[in-house]
Each structure stands twice: as structure tokens, then as C-alpha cells.
1. So residue 44 clears everything in (1) more than 19 Å from residue 78 (Cα to Cα); (2) in contact with a helix residue (DSSP H, G or I) (Cβ under 8 Å, 6 or more places away or on another chain) except one condition, right? Which one?
2. Taking the stretch 1-32 as the region of interest, how many residues are outside any strand (DSSP E or B), surrounded by fewer than 15 Cβ atoms within 10 Å (Cβ to Cβ), touching a residue at least 24 places away in the same chain (Cβ under 8 Å) and within 13 Å of the chain's Cα centre (by Cα)?
3. Take the residues in the stretch 33-60 that are within 12 Å of the chain's Cα centre (by Cα) and not in a helix (DSSP H, G or I), then tell me which one is nearest to residue 82 (Cα to Cα).
4. Got at least one residue in the stretch 68-78 being in contact with a strand residue (DSSP E or B) (Cβ under 6 Å, 6 or more places away or on another chain), within 22 Å of residue 7 (Cα to Cα) and surrounded by 14 or more Cβ atoms within 10 Å (Cβ to Cβ)?
């Protein structure tokens with residue numbers, strides 16, 4: 001999580017106004033934690049727009065006797081838009 005947090009911070013420091021964080025399956029929890037941590041660090045200057053989805057995954061398997069088998073399964077996804085509530089230029093002018 002720390003590595004992704006640093007990457008996001010660098011993008012915001014360079015003037016990015018928004019980031020999109022995607023998570024699929026087991027990573028949904030980490031994506032949510034990352035977005036909430038960013039919001040906490042930025043003291044209310046960031047907001048979140050969260051959407052969920054279901055994705056169909058296809059597993060292509062080969063059985064021990066050499067036959068091919070395809071299994072379809074569903075997996076949950078999350079898409080979190082992290083965006084500035086206050087434009088970056090306004091934030092910069094307040095610090096100068």
C-alpha cells in the first residue's frame with residue numbers, strides 16, 4: 001500500500017486533478033483503503049466517486065487426460081475516482 005500511496009502522492013504533487021483506482025477481486029479491499037488513506041492525508045481537499053462492477057472471468061483449464069475445459073466465473077470490481085475538491089492552483093496560491 002505504501003508504494004501505491006507514494007505514486008498517487010507524486011501524481012497529485014505534479015498537479016493531477018484526479019486519479020482512478022481500480023481493484024478486482026481480492027484487491028478491492030486494498031483499493032478502498034488506498035482511496036480512504038489519500039482522502040485522510042489531504043484533509044478534506046479530495047473527494048471520492050465510487051462505482052462497483054461485476055466482471056466475467058474465463059478460466060481455460062486442461063484436465064489430466066488432456067481435455068480442454070472452460071469455466072466462467074464472476075468477480076467483483078471497484079473503480080474509485082479520487083479528485084480534488086479545490087483546484088490545484090488555488091491550493092498553491094494559499095501556500096505562497
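1. (2)
2. Here the count works out to 4.
3. Restricting to residues being within 12 Å of the chain's Cα centre (by Cα) and not in a helix (DSSP H, G or I), the top hit is 48.
4. yes
Here, each number is a calculation from the coordinates, and none is a lab measurement. Note that the structure is a prediction, hence the values are computed from the model and not measured. When we count neighbours, we look across all protein chains shown, and the Cβ atoms used for this are built from the backbone with ideal geometry, even at glycine.
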